[in-house]
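Take a look at the structure set out below.
The values are calculated or read from the model by the stated rules, or taken from the named source; none is laboratory data. Because the structure is predicted, anything quoted here is derived from the model rather than measured. Cβ placement follows ideal geometry from the backbone for every residue including glycine, while neighbour counts extend to all protein chains displayed.
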Amino acid sequence: MYKIFFKLVFSRTDPERAHHLAFRWIRLAARVPVLRTFVAAALAPRHKELRTEALGLRMHGPFGLAAGFDKNAVAIDGMAMLGFDHVEIGTVTGEPQPGNPGKRLFRLVGDRALINRMGFNNDGSLAVAARLASRTPAFRTVVGVNIGKTKVVPEEEAVDDYVKSAERLAPHADYLVVNVSSPNTPGLRNLQATEALRPLLSAVREAADRAVTARRVPLLVKIAPDLADEDVDAVADLAVELGLDGIIATNTTIAREELGLTSPPALVQETGGLSGAPLKARSLEVLRRLYARVGDRITLVGVGGVGSAEDAWQRILAGATLVQGYSAFIYEGPFYARGLHKGLAARLRQSPYATLADAVGADVRKTV
Ligand SMILES: Cc1cc2nc3c(=O)[nH]c(=O)nc-3n(C[C@H](O)[C@H](O)[C@H](O)COP(=O)(O)O)c2cc1C
């Protein structure tokens, strides 16, 4: 039914407008207690065998909503209602900003992909922290907070901007993510170089510890699929050295030619980060490489082109304890998480592994 609706309505609507429209429905439904209970019963049935413990947190399952969909933390309950086991809000920047002007989100329907150059449009760390502080959750769900650099802040002052966000947001975060991998903020990805990343991650760790003393807020870094393999290794080694809790692999890609896209060239050439099905192979490759390097010492989160239960299962076997999705949700609609959970539970039952945790990295362990 969603597919017909997508074809008739959403595919004819400007992608960003369609996003706001869908978003409004989700938020509205989540505000009405009877409705949200009914929707959650239909779309978020629990599978005991998928219960997951990661980053010291208990979750209903391993599958979450990737950053960028709920940038301002306004629809956490709505997304939990749709079956996401964790919701990563953001990217939130130190200061509020409008993001890039003009059309900035494009659908490559034939490729099951998106290109976006949103540029971190968000309400800023102060407003989002206040919103999180005043939230009364309707569902028990894990909330990750993804932080990035305010565009007008020069690269030399990036650390202070991240620190500001970390201090304000860590008290409300189940986990914190340092995003250094969006292609839409000039210079941001330079922060992935270890010389820049080491002081940044150390400063954010200290800021989170200053802001929250009662518990240790898990800290993760999110990386780009466009890093050279040696740079992926370097980030992995740094993460171990700094005692980071996790790595999220991957963000969107600036690659085009090698992806074999079939959409019209003018669309393919739009500036921005590409996500969805064509990103799958490289995201999986980066994840495998990370797991081979860090094993179980660091929690890995697999994201990029996860469209089905089989994709999620492959991420788990490649080393992901948690899996996330965004683009496929646009194409699959409200049944996305439900189908994924059902298929994942079936795969686990048919596998030689007693628990999901046993399956994490099993494919990589076989080959090393
Ligand atoms: C429209 C859009 C906006 C995004 N915004 C962010 C963001 O603000 N921060 C971030 O870390 N990732 C952002 N992402 C990247 C996603 O979180 C995810 O890493 C990427 O899309 C790959 O997953 P997918 O193929 O399932 O979409 C965005 C993706 C899309 C499509």
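Conditions (1) closer than 24 Å to Leu21 by Cβ; (2) of a type in the set (S, T, N, Q), marked per residue:
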{"site": "Lys71", "(1), (2)": "yes, no"}
{"site": "Ala80", "(1), (2)": "yes, no"}
{"site": "Pro98", "(1), (2)": "yes, no"}
{"site": "Leu114", "(1), (2)": "yes, no"}
{"site": "Ser125", "(1), (2)": "no, yes"}
{"site": "Leu132", "(1), (2)": "no, no"}
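Going through region 74-105 one residue at a time, which ones are in contact with a helix residue (DSSP H, G or I) (Cβ under 6 Å, 6 or more places away or on another chain) and not small (Gly, Ala, Ser)? It would help to see each step written out before you state the result.
At the first step, the residues of region 74-105 found to be in contact with a helix residue (DSSP H, G or I) (Cβ under 6 Å, 6 or more places away or on another chain) are 75, 77-78, 81-84, 87, 92, 94, 105.
Once the filter is applied, which keeps residues that are in contact with a helix residue (DSSP H, G or I) (Cβ under 6 Å, 6 or more places away or on another chain) and not small (Gly, Ala, Ser), region 74-105 yields Asp77, Met81, Leu82, Phe84, Val87, Val92, Leu105.
Here Gln350 meets the list (1) modelled with pLDDT of 95 or more; (2) touching a helix residue (DSSP H, G or I) at 6+ places or on another chain (Cβ under 9 Å); (3) away from the ligand (no atom under 14 Å from the Cβ) almost entirely, failing just condition (2). Condition check for Ala211 on (1) away from the ligand (no atom under 15 Å from the Cβ); (2) among the small types (Gly, Ala, Ser); (3) crowded, with 20+ Cβ neighbours inside 10 Å: one failure, at (3).
One residue alone among Gly68, Gly83, Gly119, Gly110 is touching a residue at least 60 places away in the same chain (Cβ under 8 Å), in a loop (DSSP other than H, G, I, E, B) and more than 14 Å from the ligand (Cβ to nearest atom), and that residue is Gly83.
Just to be sure before I move on: is Pro183 in contact with a helix residue (DSSP H, G or I) (Cβ under 8 Å, 6 or more places away or on another chain), modelled with pLDDT under 95, under 19 Å from Ala67 (Cβ atoms) and not in a helix (DSSP H, G or I) in the structure I sent? For Pro183, the condition - in contact with a helix residue (DSSP H, G or I) (Cβ under 8 Å, 6 or more places away or on another chain), modelled with pLDDT under 95, under 19 Å from Ala67 (Cβ atoms) and not in a helix (DSSP H, G or I) - is met.
The set of residues in region 292-314 being on the phi > 0 side of the Ramachandran plot and more than 14 Å from the ligand (Cβ to nearest atom) consists of Gly295 alone. Considering only residues of region 315-334 that are more than 17 Å from the chain's Cα centre (by Cα) and either at pLDDT 95 or above or crowded, with 22+ Cβ neighbours inside 10 Å (or both), which is farthest from the ligand (Cβ to nearest atom)? This residue is Leu317.
Among the residues that make up region 172-183, is at least one of them of a type in the set (Val, Ile, Thr), within 16 Å of the ligand (Cβ to nearest atom), under 30 Å from Ala40 (Cβ atoms) and touching a Leu at 6+ places or on another chain (Cβ under 6 Å)? Yes: region 172-183 contains one or more residues that are of a type in the set (Val, Ile, Thr), within 16 Å of the ligand (Cβ to nearest atom), under 30 Å from Ala40 (Cβ atoms) and touching a Leu at 6+ places or on another chain (Cβ under 6 Å). Taken over region 244-260, the criterion of being modelled with pLDDT of 95 or more, more than 14 Å from the ligand (Cβ to nearest atom) and under 19 Å from Val109 (Cβ atoms) is satisfied by Arg256 alone. Tallying residues that are surrounded by 23 or more Cβ atoms within 10 Å (Cβ to Cβ) and under 21 Å from Ile298 (Cβ atoms) within region 171-191 yields 9.
For region 36-50, what are the residues that are outside any helix (DSSP H, G or I) and free of Cβ contacts under 8 Å to residues at least 24 places away in the same chain?
Of the residues in region 36-50, the ones outside any helix (DSSP H, G or I) are 44-47.
Answer for region 36-50, where residues must be outside any helix (DSSP H, G or I) and free of Cβ contacts under 8 Å to residues at least 24 places away in the same chain: just Arg46.
Does Thr93 satisfy the criteria of being over 19 Å from Ala312 (Cα atoms), over 23 Å from the mean Cα position of the chain (by Cα) and either within 15 Å of the ligand (Cβ to nearest atom) or without any contact (Cβ under 8 Å) to a residue 12 or more places away in the chain (or both)? Against the criterion (over 19 Å from Ala312 (Cα atoms), over 23 Å from the mean Cα position of the chain (by Cα) and either within 15 Å of the ligand (Cβ to nearest atom) or without any contact (Cβ under 8 Å) to a residue 12 or more places away in the chain (or both)), Thr93 does not qualify.
Residues in region 274-291 that are of a type outside the set (Lys, Arg), more than 8 Å from the ligand (Cβ to nearest atom) and in a helix (DSSP H, G or I) were compared, and the one that is farthest from Leu259 (Cα to Cα) is Tyr291.
The residue list Arg347, Arg297, Arg289 contains one member that is within 15 Å of His47 (Cβ to Cβ) and over 17 Å from the mean Cα position of the chain (by Cα), which is Arg347.
Remark: Ala30 matches the filter, which requires a residue to be touching a residue at least 40 places away in the same chain (Cβ under 8 Å), part of a helix (DSSP H, G or I) and either crowded, with 18+ Cβ neighbours inside 10 Å or under 23 Å from the mean Cα position of the chain (by Cα) (or both).
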